[in-house]
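One structure is given here, and the rest of the page talks about it.
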Amino acid sequence: MEKTYYDPADLKKFGNIAEFEPKLAEMFFKWYNEVFKEGALTAREKALIALAVSHTVQCPYCIEAYTSASVRLGVSNEQMMEAVHVSAAIRSGSSLVHGVQMMNKAKKMSM
């Protein structure tokens, strides 16, 4: 198997970030764990949101983690792919809406 820049084994080392800065890591993990507790959104809904966001920010570790979490929580393959498409639509729409800035500038320059 060819080695890649992102080593899947590194996901299991996430907790090791405390090695260089324990206080901030502790604060982060406390907050992170609180965020993913059931609340107004179910754990399933939060995992699906996290999966979509993972694709938007293009984090392979997050994609792996939240695909696994989503499957464990009963999210179907179709639902996961639909969430990825929502992510892609927002990402591409974000690029396109910035085209308005280009159009405004081009129109201003041609006056």
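Just so it is clear, none of the values below were taken in a lab; they were calculated from the coordinates. No experiment lies behind these values; they were computed from the predicted model shown. Quick reminder, even Gly has a Cβ in these numbers, built from the backbone with ideal geometry, and neighbours come from all protein chains shown.
Assorted remarks:
- In the stretch 1-49, the qualifying residues are those that are within 17 Å of Ile63 (Cβ to Cβ) and among the hydrophobic types (A, V, I, L, M, F, W, C), and the one that is farthest from the chain's Cα centre (by Cα) is Ala9.
- Sole exception among (1) among the β-branched types (Val, Ile, Thr); (2) closer than 26 Å to Phe14 by Cα; (3) part of a helix (DSSP H, G or I) for Val86, by number: (2)
Conditions (1) under 30 Å from Thr4 (Cβ atoms); (2) of a type in the set (A, V, I, L, M), marked per residue:
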| residue | (1), (2) |
| --- | --- |
| Tyr32 | yes, no |
| Ala40 | no, yes |
| Ala47 | yes, yes |
| Thr56 | yes, no |
| Met81 | yes, yes |
| Met102 | no, yes |
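- Any chance Met27 is without any contact (Cβ under 8 Å) to a residue 12 or more places away in the chain, surrounded by 11 or more Cβ atoms within 10 Å (Cβ to Cβ) and in a helix (DSSP H, G or I): yes
- The set of residues in the stretch 58-79 being part of a helix (DSSP H, G or I) and over 21 Å from Asp7 (Cα atoms) consists of Ser70, Val71, Arg72, Asn77, Glu78, Gln79.
- Scanning the stretch 55-80 for residues that are loosely packed, with under 12 Cβ neighbours inside 10 Å and over 14 Å from the mean Cα position of the chain (by Cα) yields Arg72, Gly74, Ser76, Asn77, Glu78.
- Checking each residue in the stretch 82-99 for being surrounded by fewer than 10 Cβ atoms within 10 Å (Cβ to Cβ) and either of a type in the set (A, V, I, L, M) or in contact with a Ser or Thr (Cβ under 7 Å, 6 or more places away or on another chain) (or both) picks out Leu96, Val97.
- Residue match in the stretch 31-50 (condition: surrounded by 11 or more Cβ atoms within 10 Å (Cβ to Cβ) and in contact with a Cys (Cβ under 8 Å, 6 or more places away or on another chain)): yes
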